[in-house]
Amino acid sequence: MLNNLNITEFLKDTIIPPICSVCGKICAEFLCQNCNSRIKFLDETVCQYCGRLITSKNNPGIKICTLCKNETYSFYRLRSFSLYKEPIVNLIQKFKYKKYYFLSKILAGFLKKAYEKHFNSERIDYIDTVPNYAADRQCSKYCKSHMQILAEDLSKIIRIPFLNNIIKIRNTSKQQKLDYYLRKINLNDAFKVRNCLLSHEKNLLLIDDVWTTGSTLNEISSILKKAKANKIYLLTLARGA
C-alpha cells in the first residue's frame with residue numbers, strides 16, 4: 001500500500017508532471033533525454049593546464065595551449081564538463097538567474113562525470129566554490145548562492161566535504177561588462193578565506209558554473225595559495241572556446 005509520502009509524490013507527478021527545463025516537454029525528470037543527448041561532454045584533447053580545447057592538426061602531441069605558455073595561474077589544473085553552448089547555456093542561466101534550484105542535482109551529475117574523468121585519482125580534501133557577496137551577508141540558510149547549493153549537492157554524491165571557507169568581502173562590478181584589464185583589478189582584495197588553518201596544506205576542488213577569462217577563479221586560487229593551500233583543482237560546468 002502507498003503511504004502518505006508516496007501518495008503525495010504520486011499525486012504531484014500526476015497532476016503536475018515534470019517538464020523539461022529546456023524544451024518544455026513532459027518527461028520523467030527536468031531534462032528530457034533528447035535535450036540531455038545534445039549536451040556534449042568535453043572529452044577531447046585539451047590543454048593540460050586550463051582545459052582549453054586543442055585542435056592543432058599539425059602538432060597532435062601538443063599539451064599546452066598558446067595562452068598558458070604566456071599566462072601564470074595559481075591553480076594546478078582546470079577541467080570543464082562541456083563547452084558553453086546550447087542547451088547547457090539554457091540550464092545554467094535558469095539555475096543562476098531565475099533560481100531554478102531544482103536543476104542543481106542534474107548539474108551536480110554533470111560535474112560528477114567530469115570529476116570522475118579528470119580528478120578521481122587525485123587526493124582532494126575539500127570542495128569549495130565562488131561565493132556570492134549578497135548571499136554571504138545573509139545569515140539565513142535559505143539565502144545561499146546558486147553555487148553554494150550546487151557545491152553541497154556535488155559534495156554529497158562524490159563524498160568530499162564542502163568547506164565553504166571563502167567569503168567575498170566587497171561588492172564588485174559584473175565581470176562580463178569589463179575588458180580584460182579591468183576584470184583583473186576589479187577583483188583585487190574582494191575575497192578572503194574564513195580560516196587559513198582549514199586550507200593549510202590541503203588539496204582543494206574549486207567549482208564554478210562557467211570559465212570565461214578565468215579572472216575570478218584565478219584570483220580565488222591566489223588567495224587560497226596565500227592561505228598555504230597545496231594544490232587547487234578547478235572544475236566548471238562549461239567553458240568558452
Original post:
What chymotrypsin sites (Phe, Trp or Tyr not before Pro) does the range 77-129 have in DSSP loop regions with at most 14 other beta carbons within 10 Å?
Top reply: Tyr97
Subject >> Chain lengthening between Glu29 and Tyr100 when straightened (0.36 nm per residue, less Cα-Cα) >> reply: 24.2 nm
Original post:
Mean residue ellipticity at 222 nm from the helices of the chain, using -39,500 (n - 2.57) per DSSP H segment of n ≥ 4 over the full residue count, to the nearest 500 deg cm²/dmol?
Top reply: -9500 deg cm²/dmol
Original post:
Which percent, to the nearest 5, of DSSP beta bridges fully inside the range 41-239 are antiparallel?
Top reply: 20 percent
**OP:** Please grab the % of Cα pairs in the chain that end up more than 24 Å from each other.
**Re:** 50 percent
Original post:
Which order results if Thr216, Thr172 are arranged by neighbouring Cβ count within 10 Å, fewest first?
Top reply: Thr172, Thr216
Original post:
Count the lysine pairs in the range 138-241 that are 8 or more places apart or on different chains: how many have C-alpha atoms under 14 angstrom apart?
Top reply: 10
**OP:** Could you work out the longest stretch of the chain that avoids the GluC sites (Glu not before Pro) located in DSSP loops with at most 16 other Cβ atoms within 10 Å?
**Re:** 123-200
Subject >> Assigned charges on the beta-carbon of Lys, Arg, Asp, Glu; the chain dipole about Cα centre (debye) >> reply: 440 debye
Subject >> Full-stretch length increase - Thr213, Glu152 - with 0.36 nm per residue and alpha-carbon distance subtracted >> reply: 19.4 nm
**OP:** Return one number: the angle in degrees, 0 to 90 and rounded to the nearest 10, between the long axis of the Cα atoms of helix 4-15 and the longest principal axis of the Cα atoms of the chain.
**Re:** 90 degrees
Subject >> Residues Gln175 and Lys226, FRET efficiency given R0 of 22 Å [Cβ-Cβ distance, rounded to 0.05] >> reply: 0.55
Subject >> Relative contact order computed over the range 131-241 (Cα-Cα under 8 Å; 6+ residues apart), in percent >> reply: 24 percent
Original post:
Most mobile of Asp128, Asp179, Asp208 per a Gaussian network model of the chain (Cα springs, under 10 Å)?
Top reply: Asp179
Subject >> Listed residues Pro131, Pro17, Pro87, most fluctuating in the chain (Gaussian network, C-alpha, under 10 Å) >> reply: Pro17
Subject >> Most fluctuating residue given options Leu224, Leu91, Leu197, as computed from a GNM of the chain linking Cα atoms under 10 Å >> reply: Leu197
Subject >> Lys69/Ser121 FRET efficiency (R0 22 Å; Cβ-Cβ; nearest 0.05) >> reply: 0.25
Original post:
Counting pairs of alpha carbon atoms under 8 Å apart in space and at least six apart in sequence, what relative contact order in percent does the chain give?
Top reply: 21 percent
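Read-outs throughout are calculated quantities, based only on the coordinates presented, and are distinct from any laboratory measurement. The model shown is predicted, which means the values in this text are computed figures rather than measured ones. Note that each Cβ is placed from the backbone with ideal geometry, even for glycine, and that neighbours are counted across all protein chains shown.
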